[in-house]
Amino acid sequence: MELKSGKKAPSFSLPSDSGAKVSLSEYLGKFVVIYFYPKDMTPGCTQESCDFGSSYKEIQKLGAVVLGVSRDPVESHQKFKLKYKLPFSLLSDSSGKVCEKYGVWKEKSLYGRKFMGIERTTVLVGKDGKIVKVYPKVKVKGHVDEVISDLKTLR
């Protein structure tokens, strides 16, 4: 599925690192930064998560929340969040259904081997529940600054 700006963001309800279900609909009236990442405790994902974590207060001041989504189980998210003191929810999409709805479950290639996995992608959802911007194939360095800059222009 191709996500486009102006379209309603696909709804979801996923278990979080706290064990509680988190639904996108809970955040109507706020901007939501949903970042899809491949795996807890891996270098790029750790850097991206920590970058969002260290900028979280500023993101909150801009009227937004951050949700991290991967296919890792809740237990893995709990360890990851605790180890890196992440101040936002990590959601477990163990079935991969939300990743498919958002079009981030893609064929990848590493050392000539092809496999399915999450393509690092961030989706910025507006206060009305519609997609404001999609950041495909995210490069970690500087990404959070780009999201913050976009949030500032939306205020």
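The values are calculated or read from the model by the stated rules, or taken from the named source; none is laboratory data. Keep in mind that this is a model prediction, so the values were computed, not measured. Please note: Cβ atoms are built from the backbone with ideal geometry, for glycine as well, and neighbour counts cover all protein chains shown.
Residues Leu67, Leu90: which one is buried (at least 22 other Cβ atoms within 10 Å of the Cβ) and under 18 Å from Lys127 (Cα atoms)?
Only one candidate qualifies: Leu67.
Does Phe115 satisfy being of a type outside the set (Ser, Thr, Tyr), touching a Ser or Thr at 6+ places or on another chain (Cβ under 9 Å) and modelled with pLDDT under 95? So that I can check it myself, show each step before the final result.
Working: of a type outside the set (Ser, Thr, Tyr): yes; touching a Ser or Thr at 6+ places or on another chain (Cβ under 9 Å): yes; modelled with pLDDT under 95: yes.
In short, yes.
For every residue, the table says whether it meets (1) assigned to a strand (DSSP E or B); (2) more than 17 Å from Tyr35 (Cβ to Cβ); (3) aromatic (Phe, Trp, Tyr); (4) touching a Leu at 6+ places or on another chain (Cβ under 6 Å).
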position	(1), (2), (3), (4)
Lys81	no, no, no, yes
Ser94	no, yes, no, no
Asp128	no, yes, no, no
Val132	yes, no, no, yes
Lys137	no, no, no, no
Val144	no, no, no, no
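Specify which of the listed residues (Gly103, Gly63) is more than 14 Å from the chain's Cα centre (by Cα) and not acidic (Asp, Glu).
On the way: Gly103 fails: more than 14 Å from the chain's Cα centre (by Cα).
Among Gly103, Gly63, only Gly63 is more than 14 Å from the chain's Cα centre (by Cα) and not acidic (Asp, Glu).
Is there a residue being under 13 Å from Val147 (Cβ atoms) and in contact with a Ser or Thr (Cβ under 6 Å, 6 or more places away or on another chain) anywhere in the range 47-67?
Checking the range 47-67: at least one residue is under 13 Å from Val147 (Cβ atoms) and in contact with a Ser or Thr (Cβ under 6 Å, 6 or more places away or on another chain).
Matching residues to (1) closer than 19 Å to Ser49 by Cβ; (2) free of Cβ contacts under 8 Å to residues at least 12 places away in the same chain; (3) touching a Phe, Trp or Tyr at 6+ places or on another chain (Cβ under 8 Å):
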position	(1), (2), (3)
Leu90	yes, no, yes
Tyr102	yes, no, yes
Lys106	no, no, no
Phe115	no, yes, no
Val147	yes, no, yes
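Among the numbered criteria (1) free of Cβ contacts under 8 Å to residues at least 60 places away in the same chain; (2) hydrophobic (A, V, I, L, M, F, W, C); (3) closer than 22 Å to Ala20 by Cα; (4) in contact with a helix residue (DSSP H, G or I) (Cβ under 8 Å, 6 or more places away or on another chain), which single criterion is violated by Val74?
(4) is the only condition that Val74 fails.
Just wondering, is there one or more residues in the range 3-11 that are in contact with a strand residue (DSSP E or B) (Cβ under 6 Å, 6 or more places away or on another chain), among the charged types (D, E, K, R) and surrounded by 15 or more Cβ atoms within 10 Å (Cβ to Cβ)?
No; the residues of the range 3-11 include none that is in contact with a strand residue (DSSP E or B) (Cβ under 6 Å, 6 or more places away or on another chain), among the charged types (D, E, K, R) and surrounded by 15 or more Cβ atoms within 10 Å (Cβ to Cβ).
When the residues of the range 117-135 are filtered to those that are touching a Phe, Trp or Tyr at 6+ places or on another chain (Cβ under 7 Å) and basic (Lys, Arg), which remaining residue is nearest to Ile148 (Cα to Cα)?
Looking at residues that are touching a Phe, Trp or Tyr at 6+ places or on another chain (Cβ under 7 Å) and basic (Lys, Arg), I get Lys127.
Return only the number of the condition from (1) in a helix (DSSP H, G or I); (2) in contact with a Gly (Cβ under 9 Å, 6 or more places away or on another chain) that Tyr35 does not satisfy.
With respect to (1) in a helix (DSSP H, G or I); (2) in contact with a Gly (Cβ under 9 Å, 6 or more places away or on another chain), Tyr35 is out only on (1).
Could you say which residue among Glu26, Glu48, Glu58, Glu75 is at pLDDT 95 or above, of a type in the set (Asp, Glu), within 12 Å of the chain's Cα centre (by Cα) and in a helix (DSSP H, G or I)?
Of the residues listed, the single one that is at pLDDT 95 or above, of a type in the set (Asp, Glu), within 12 Å of the chain's Cα centre (by Cα) and in a helix (DSSP H, G or I) is Glu48.
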